[in-house]
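Take a look at the structure set out below.
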Amino acid sequence: MNDTSTDPDPDPDPDPDPDPDPDPIMEAVGRAVEQGRAGDLAGARRTLFGIWSAIGVTGDPLHRCTLAHHLADLHEDPAQALAWDVRALDAADAVTEQRVQEHHAGLHIAGFYPSLHLNLADGYRRLGSFDAATEHIVEARGHAPHLAPDAYGDMIRAAVDEVAVAITRRETAPRASAPGA
């Protein structure tokens, strides 16, 4: 009996993978972040430092931004965290919308800035540099409309409000809701 079906794919995938070519650097960063969340901060930092050494300061800006953003969260010392937060913002300024879309179609570079500026504001606040903290919390608020109306966006908006209050009160203590707290 001959098959005369014209269906070229008898079992089509109704939900194609939006990222058919995984990014090994982003996957390694993600694994290190999970390692840190599981409590192995030193191991996660070592892993991320190793990746940073491999990609270098002139590597893919999306990789540098993501890695630096997460590495900052693994430092309890606000000065060390701030150094990585500055690197993350600098790298974000070099990321193109096309590059972000290549990584994940649902992301936009504009959505990175509220969190990046929030982290800088919080770092400067922790160090008692309230004028610099104020500049960055204003930037975070200005970029907040780019956040999605979801749980992550709500979390960042709430943290912006929390840090703004702490700046006004001239508080330098770590926030209970801060990453790594």
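The values are calculated or read from the model by the stated rules, or taken from the named source; none is laboratory data. Bear in mind that the values here come from a model prediction, so they are computed numbers and not experimental data. All Cβ positions, even for glycine, are placed from backbone atoms using ideal geometry, and neighbour counts span all protein chains on display. Heads up: the accessible areas ignore ligands, DNA and RNA and are worked out on the full protein's heavy atoms, side chains in. Shrake-Rupley method; radii C 1.70, N 1.55, O 1.52, S 1.80 Å.
Can you report the number of residues in the stretch 136-149 which are open to solvent by 60 Å² or more (accessible area, probe 1.4 Å) and hydrophobic (A, V, I, L, M, F, W, C)? Before the answer, list the steps.
Residues of the stretch 136-149 that are open to solvent by 60 Å² or more (accessible area, probe 1.4 Å), as a first pass: 138-139, 141, 145-146, 149.
Applying the additional criterion that residues be hydrophobic (A, V, I, L, M, F, W, C) yields 138.
Result for the stretch 136-149: 1.
Picking from 91, 28, 79, which residue would you name as being in a helix (DSSP H, G or I), open to solvent by less than 90 Å² (accessible area, probe 1.4 Å), modelled with pLDDT of 95 or more and farther than 24 Å from residue 121 by Cα?
Within the list 91, 28, 79, the selection yields 28.
Take the conditions over 27 Å from residue 46 (Cα atoms) and more than 10 Å from the chain's Cα centre (by Cα) and apply them to residue 101. Does it pass?
yes
What about residue 62, is it at negative phi and touching a residue at least 12 places away in the same chain (Cβ under 8 Å)?
yes
Do we have residue 64 as charged (D, E, K, R), surrounded by 16 or more Cβ atoms within 10 Å (Cβ to Cβ) and over 23 Å from residue 164 (Cα atoms) here?
Taking the combined requirement at face value, the residue satisfies it.
Considering only residues that are touching a residue at least 12 places away in the same chain (Cβ under 8 Å) and part of a loop (DSSP other than H, G, I, E, B), which ones fall in the stretch 136-158?
Selection gives 147, 148.
What residue, among those in the stretch 94-135 that are under 21 Å from residue 24 (Cα atoms) and part of a loop (DSSP other than H, G, I, E, B), is least open to solvent (accessible area, probe 1.4 Å)?
95
Has the stretch 159-169 got any residue that is touching a residue at least 12 places away in the same chain (Cβ under 8 Å) and not in a helix (DSSP H, G or I)?
No.
Does any residue in the stretch 67-87 that is free of Cβ contacts under 8 Å to residues at least 12 places away in the same chain come within less than 9 Å, Cβ to Cβ, of a residue that is open to solvent by 20 Å² or more (accessible area, probe 1.4 Å) and part of a loop (DSSP other than H, G, I, E, B) six or more places away or on a different chain, and which pairs are these?
83/75
Does the stretch 136-181 hold any residues that are touching an Asp or Glu at 6+ places or on another chain (Cβ under 8 Å) and on the phi > 0 side of the Ramachandran plot, and which are they?
180
Which one is nearest to residue 173 (Cα to Cα), of the residues in the stretch 53-76 that are part of a helix (DSSP H, G or I) and hydrophobic (A, V, I, L, M, F, W, C)?
72
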